[in-house]
Amino acid sequence: MNRPRTLAALVLGGLVLLPAAVQDSFFLNAMVHVFLFGAAAQAWNLVGGYAGQISFGHAAFFGIGAYTTAWLLSRHGLSPWFGIWVGAAVAAAVSLAVGYPTFRLRRHFFALATLALAEIARISFLNWEAVGAAIGLYLPLEYRNRLAYLMWDSKPPYYWTALGVLALATGVVWGVDRHRAGRYLRAVEQDEDAAEMLGIPTRRWKLFAMGLSAALTAVAGAVYALYVLYIDPYNVMASRISLLVVVVALIGGRGTVWGPVLGAPFVVLLNEYTRAWLGGRGTGADFILFGLAVVLVSLYQPRGLIGLLASPSPRPLPAVVGAGRDPQDVPPAGAGGPPVLQVRGMEKAFGGVRAVRGVGLEVRRGEVLGLVGPNGAGKSTLFDCLTGFVRPDAGQAAVDGIHVVGLPPHRVAWAGLARTFQNVRVFPDLSVWDNLLCGTEHRGEGLWEATLREVPPALQEEAGRLLRSFNLWDHRHRPAGELSYGQQKLLSLAMAVLRRPRVVLLDEPAAGVNPVLVDEIGRLVRALNASGLTFVVIEHNMEFVMRICHRVAFMAEGRVVTVGRPDEVRRDPRVLELYYGR
Amino acid sequence: MTELVWQAAVSGVVLGLVYALVALGLSLIWGVMDVVNLAHAEYLMLAMYATYWLWALGRVDPALAVPVVVPVFFGLGWLTYQALVRRIVRAPLAAQIFATFGLLFVLRYGAFAAFGPNVYGVWRPGEGTVPVLGVPVAASKVTAGLVSLAAFGLLAAFLRYTKTGKALQAAAQNREVALALGIPVDRMYALSWGLGIATAALAGVFLIPFYQVSPTIGDAFLLLAFASVVLGGFGRVDGALVGGLCIGLLENLLGTLVSPTFKFLFVFAAFVAMLLVRPQGLLGDVGR
């Protein structure tokens, strides 16, 4: 565990001392570029790597940082120590303005909106007289060699400042990666709907990653302006900056802490030296190369250089004290608690098809309610209406008096409704353990809290116990995508119940699973029910339904036909006719 | 003033038809295989270069370049699919986005290396104007607008009335079902790339008489085409047409009335507003 950290400390120490040994001005200049573009790439990594929202417009944030700092200094004499943070705040605000409308939509929109943003920003600055238009801004030289203004006439101080910016960006990403935030952002990248249903406010997390990313990029841009002493839209807002940032992160390995750090010297030094050899701005050969590299990485090595160097090392987990509670076989007892979920007059039509027609349903606390009926009866649509994935045309639903219709899925989850999906939805690239911890309670969880802290030990122990009782403990380090289909179903059940929601909706938990595991799932549902959880289960396997349910509601053609004890419903002549066609 | 606005509106419509033609291919590929080709406008740029060099070196009139340029770019589109896009059809979304983004830079800087940063245009002295609704418009622009309308008509007829067109629609709607029915989905995808790139090239051929080419013109056209597709509603051919017309009108009217410098800013603002209010576009009816 300590070896990577020691290595990182050694490399950092070596880099800090390097200017004492090497005074070659061209090399130091190249290294300043490595650090600054590495920092911008690291910032991009937050939103483009972890959250999977690909931005092609980071040049705009880089430029905003550079311009704000340069403008405040040259026109108002304000110190960059102040200007840098103003630039970061402006860049973050602009990024949120772009992210807010586009994060609702598929990721193409965000990618293209950022591309548009960079283009708009460049054109605007090119024509904006107040910031020098096409002439740009010169930084006043009289402030040089004063720490208060972060400007010098030799290279080493810039070298150290730039290194500091890279360390800052890497530190932020490291913090995100280590704590809950990294897990949530990855979950958002892999399956947004599933993340929402666990109560993770996905859009807020995307905006958080975006704002933080833009702010850090602006810091790098500001230091760049202080270094080159002259900025115009061509050197701080060009689309090649957006490209460079993406290439560094992509080649190094996006979605990892060290990828961009590794990619930066590789890409930026190549860029700087080819430019020197070919003279001036070159023929664009380096950008053809970068374009090719991006294509090749996307085809063959999505994890970049990091993927070539290291296989993922599982993180050590805290030792869990005490064996898991073995769920006992509890026969379904008559549960007649007060209603916990009340559904009234639910209606949903898709075009001319009335999938759900005036459904009313009452789920009592502590019961397992089966929801059965032929395919197309509207069962899953009812779940979709309840959990916010589909907006019903009419109707009400309340969980312990809290109305949930019209709320986005994560708010429904906060109200105490959990759900599994018919086609199992786990986060395939996250470990089983990380998947499970996505199922903790997210209501009232602050963004910074989740960025700076891990799940408390007591909760981790509880999660460990749950995992043991689900027989998944030994698999906890494996990516969930490697589990069998049945095990993934078990995992998604564990994720749904970890936070002990008021009602758990299960959509065909036994479908496509081998008979042994069907028994196991039935046993788990009964045990969880005995511990106080309420379930609504959609299922076609009648034997399974008979075994675990206290009551059964029968749906057909969008209506609830009858509700009653399982044996009553099974014998009901209407059910026989509608279900079995007898 | 009114006359100025009317002039702007008419030339906006003509311009909008050209944008629509650029957007057509983007929309087709997007609709058929759910891949947004970020390099789309780079093919437009290359077709403009091809037409320019045919004119500069061989004195071939742009209109006569169509039988050469368009089939070549159909082949290029087909090739792009076979060599690159085929491998990422079912890859994660990020891989798809990066693949065409990388392609964009290869093509753009390839053109930069080959032709340099200079701006080129076809200059034909003594070109006449045609009165359109009382406004004189350059003949080359009118031609481009008519070609665009013809291309839309032909493509719509192809999709609606031919067996291949119907197969293409089937492949777009449900890959698995289409495969099960024996439709060669892979070839349909390749065909959509061929057609999509060919229409971009067609736009390029008719743009060059009144629009100069340089390696970086792709940026603006990609964004305009994308905005057109989103504005009109994607997954349908007429969406690109309606969207393109709106963008052309918006750009010209606001460019004339307010300031030509910031005309793209208006287009972008309209685009963002559209995403907020009606993300399915003007003609779209399904959620996302």
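Per-structure values
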read-out: Beta bridges by DSSP in the protein assembly as shown, antiparallel share as percent, to the nearest 5; value: 65
read-out: Crossing angle, helix B:93-115 versus chain B [Cα axis fit, 0-90 degrees, rounded to tens]; value: 40
read-out: Virtual spin-label span in nm between A:Asp24 and A:Trp174, 7 Å along Cα→Cβ; value: 2.9
read-out: For B:Val137, residues with placed amide H under 5 Å, excluding near neighbours; value: B:Val130, B:Val132
read-out: Accessible surface, 1.4 Å probe, highest first, among residues A:Arg468, A:Arg499; value: A:Arg468, A:Arg499
read-out: Relative contact order (%) - criterion: Cα under 8 Å, at least six apart; region: the stretch B:2-216; value: 43
read-out: Rounded to the nearest 10 Å², the accessible area of A:Glu129 at probe 1.4 Å; value: 140
read-out: Cα centroid separation - the stretch A:453-487 against the stretch B:55-125, whole Å; value: 50
read-out: Estimated vicinal HN-Hα couplings, Hz - the stretch A:383-399 in sequence order (Karplus 6.51, -1.76, 1.60; Gly, Pro = x); value: 4, 4, 5, 5, 9, x, 7, 10, 8, x, 6, 7, x, 10, 8, 9, 9
read-out: Rounded FRET efficiency, nearest 0.05, which uses the C-beta distance separating B:Glu176 from A:Tyr300 and R0 of 25 Å; value: 0.40
read-out: Cα-based reach from B:Lys263 at 29 Å (exclusive), listing lysines while leaving out same-chain residues under 8 positions away; value: B:Lys141
read-out: Length released on extending from A:Leu17 to A:Arg203, taking residue separation times 0.36 nm less the Cα-Cα span; value: 62.7 nm
read-out: Complex-versus-alone comparison for the stretch B:212-251, residues with a loss of 50 Å² or more in accessible area, probe 1.4 Å; value: B:Asp219, B:Leu223, B:Phe226
read-out: FRET efficiency for A:Leu229 and B:Arg59, using Cβ-Cβ distance with R0 set to 45 Å, rounded to 0.05; value: 0.35
read-out: Mean Cβ neighbour count within 10 Å, used as a protection proxy, ranking A:177-186, A:11-20 highest first; value: A:177-186, A:11-20
read-out: 5 angstrom amide H check on A:Met151, placed H, neighbours 5+ away; value: A:Asn145, A:Arg146
read-out: Between the stretch B:184-242 and the stretch A:50-101, the Cα center-to-center distance that results, in Å; value: 33
read-out: Carbon/sulfur fraction of accessible area - the protein assembly as shown, other protein chains in place, 1.4 Å, %; value: 61
read-out: The stretch B:1-23 and the stretch A:380-421: distance between their alpha carbon centers, rounded to Å; value: 47
read-out: A:His76 versus A:Leu270: modelled label distance in nm, points set 7 Å from Cα along the beta carbon direction; value: 4.1
read-out: The stretch B:2-216, Rg to Rh (Cα coordinates; Rh as Kirkwood inverse mean 1/r); value: 1.01
read-out: Ratio Rg/Rh [Cα only; Rh per Kirkwood] for the protein assembly as shown; value: 1.01
read-out: ³J(HN,Hα), Karplus 6.51/-1.76/1.60, whole Hz, each residue of the stretch B:77-82, x for Gly, Pro; value: x, 4, 5, 4, 4, 5
read-out: Residues of chain A: accessible area per residue with a 1.4 Å probe, Å²; value: 39
read-out: Accessible surface ranking that places the most exposed of A:Phe389, A:Phe62 first, with a 1.4 angstrom probe; value: A:Phe389, A:Phe62
read-out: Gain on full stretching of the segment that runs from A:Arg453 to A:Glu441 - 0.36 nm per residue minus C-alpha separation; value: 2.9 nm
read-out: Nearest-20 debye value, the protein assembly as shown charge dipole, Cβ charges on Lys, Arg, Asp, Glu; value: 820
read-out: For chain A, with +1 on Lys and Arg beta carbons and -1 on Asp and Glu, the positive-most of A:Val261, A:Gly360, A:Leu498 along the dipole; value: A:Gly360
read-out: Size of the B/A contact, given as accessible area buried on both chains, probe 1.4 Å, in Å²; value: 3800
read-out: A:Ala398/B:Leu79 FRET efficiency (R0 51 Å; Cβ-Cβ; nearest 0.05); value: 0.30
read-out: Residue-normalised accessible area of the stretch B:2-216, given per residue in Å² at a 1.4 Å probe; value: 41
read-out: Value of [θ]222 nm, deg cm²/dmol, for chain A, DSSP H segments ≥ 4, -39500 (n - 2.57) each, nearest 500; value: -17000 deg cm²/dmol
read-out: Full-extension gain in nm, A:Ala130 to A:Tyr485, via 0.36 nm per residue minus C-alpha separation; value: 121.7 nm
read-out: Cβ-based charge dipole, chain A, positive-most Cα from A:Ala118, A:Val223, A:Trp448; value: A:Trp448
read-out: Backbone HN-Hα couplings from phi across the stretch A:349-361 [Karplus 6.51/-1.76/1.60, Hz, Gly and Pro as x]; value: 10, 9, x, x, 8, 8, 6, 10, 10, x, 7, x, 7
read-out: Amide H within-cut-off set for A:Ala418, under 5 Å, with H built and near neighbours excluded; value: A:Val503, A:Val504, A:Leu505
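The values are calculated or read from the model by the stated rules, or taken from the named source; none is laboratory data. Note that the structure is a prediction, hence the values are computed from the model and not measured. Don't worry about glycine lacking a Cβ; one is built from the backbone with ideal geometry, like all the others, and counts go over all protein chains shown. These accessible areas exclude ligands, DNA and RNA; they are computed on the full protein's heavy atoms, side chains included. Shrake-Rupley method; radii C 1.70, N 1.55, O 1.52, S 1.80 Å.
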